[in-house]
Every structure is written in C-alpha cells, then in structure tokens.
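Notes to accompany the following structure.
The values are calculated or read from the model by the stated rules, or taken from the named source; none is laboratory data. Predicted, not measured: the structure shown is a model, and the values here were computed from it. Positions of Cβ are generated from backbone atoms using ideal geometry, with glycine treated the same way; all protein chains shown enter the neighbour counts. Side chains included, ligands, DNA and RNA excluded: accessible areas come from the protein's heavy atoms. Shrake-Rupley method; radii C 1.70, N 1.55, O 1.52, S 1.80 Å.
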Amino acid sequence: MDLQLKDKVALITGSTKGIGRAIAETMADEGCHIGVCARNQTEVDETVAAIEDKGVSACGDVVDVTDSASLEAWINRCAKEMGGIDIFVPNVSAGGADNSEKGWRANFESDMLATWRGVELAQPYLEKSGHAAIVIISTTAAVEAFAGASPYGALKAALLNYSSNLAQALAASHIRVNAVSPGPIFFTGGAWDQIKTMMPEFYEATLANIPM
C-alpha cells in the first residue's frame, strides 16, 4: 500500500513504545521521516536507530510534553534538521483512572494542554507544507462508559471536540485534522499488561467484550 508519505516529515509525541511506536514505524515503512520523543533517553536512542534502519531520517529527543520549553525545542530541532513538518501526531497521555485532583490535573496537562501546545508550535511549519495533517489520538473511552467518571475519558472526549473545531479553523490553511479513537491496546509493559496482572477480573471482562 502506498499511503503517499514518502519523504514527508512526521512528528509523534510519546513514540518509543505502544501506539506511538507503532505509528512511527508504520510511517517510516512508507518512507516518511520521523521525529520521536519520550522521557527516557535509552528508549529514544533505540527508537531513532530502529527508524533509521528503515532507510529514513529520524530525529529524537527526551521531552516532557508538559514542559513547553522542552516540547518547543524538540519541534523546532526536528523541523530544522528534516526540512519542515508535514504531519503532527500528539500521542502522549497521562492514562490511568486517578480520580483525584492530582489525576485530573495530570490528564489535563498531558492529554489536553500538551496537545493544544504542540499544535500551536507545529502550526507555522504545517502551514508551509501543502500536505499537512494533524492526527489526534483519543480513545473509545471518550464516547462510552468505561472505568468510571475518570479524567482519562473526560479529557479524551474534550480532544474530540477540539479536533472537530480545529479541523474547521485550519481548513483554510490546508491542514487536515482527524481524531482516532483506539480501543484497549495490549503491549508488553503497557497499561493493559499491568491491568492483566493487577486487575485480572477487569482485564478478562474487558477482553470478553471484544468480539474478535
């Protein structure tokens, strides 16, 4: 399949494992140059090497997306080194179901505010692309009852509203905006791996609700 991504530049936050890593590798397989970031230097270095082994360029930094200076430095460096930005994927999430004030603040900072901030920082480069796209990662928990009245689902639902309005606002600049809402995703060391160990009954009940 040719997704017409050859020689485009895509930046994906939280892209050394799980969904973010899968996005990065899939785009790299299509010939897309990739900017990755995470909070662990070893994981960043390993991901950059794996992406470059696919024959494309990669740019990686340690980034805390809730730190505006850190996020801005990574976006600007990737854009400079790889000649712009065509695709921006704000993937980072605080995850979890911490229904305390601390949990609500964590999800707001990581899921909502960091997405908005990343879009604002990437937008000047996206406007120059001519083929620009923003893909925001939400979740099925944003549109269905899941794990109680938690900040994760609520803030991911806010991203759907933001995506819809952003698509209208940026259409004139030829920047497409879409939101993707994955269901539960299992990978070794990920949240669902931990749930399987710590909350086996909840894990099995969730698995039973997935037809395939």
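General observations
- Evaluation of G130 against the conditions (1) at pLDDT below 95; (2) within 25 Å of F202 (Cα to Cα) shows that the sole unmet condition is (2).
- Exclusive hit being basic (K, R) and within 29 Å of M198 (Cβ to Cβ), set K54, K102, K80: K102
- Close Cβ contacts (under 8 Å, 6 or more residues apart or on different chains) running from residues in segment 55-70 that are in contact (Cβ under 8 Å) with a residue 12 or more places away in the chain to residues that are open to solvent by 20 Å² or more (accessible area, probe 1.4 Å) and among the acidic types (D, E) comprise S57/E81; A58/E52; C59/E81; G60/D45; T66/E109.
- The helices (runs of 4 or more DSSP H) found entirely in segment 99-212 that carry 1 or more residues being in contact (Cβ under 8 Å) with a residue 60 or more places away in the chain, among the small types (G, A, S) and surrounded by 13 or more Cβ atoms within 10 Å (Cβ to Cβ) are 114-126, 191-198.
- Here K8 qualifies as charged (D, E, K, R), touching a residue at least 60 places away in the same chain (Cβ under 8 Å) and closer than 27 Å to E127 by Cβ.
- Only residues that are part of a helix (DSSP H, G or I) and over 21 Å from D111 (Cβ atoms) were counted in segment 45-72, giving 8.
- When D67, D53, D45, D86 are checked against the criterion of being of a type in the set (D, E, K, R), surrounded by fewer than 17 Cβ atoms within 10 Å (Cβ to Cβ), over 15 Å from G14 (Cα atoms) and modelled with pLDDT of 95 or more, a single residue qualifies: D53.
- S57 touching a Lys or Arg at 6+ places or on another chain (Cβ under 8 Å), among the hydroxyl-bearing types (S, T, Y) and over 15 Å from I137 (Cβ atoms): no
- Tally of residues being of a type in the set (G, A, S) and under 17 Å from T115 (Cβ atoms) across segment 19-32: 1
- All positions within segment 2-37 that are open to solvent by less than 80 Å² (accessible area, probe 1.4 Å) and at positive phi: G14, G18, G31
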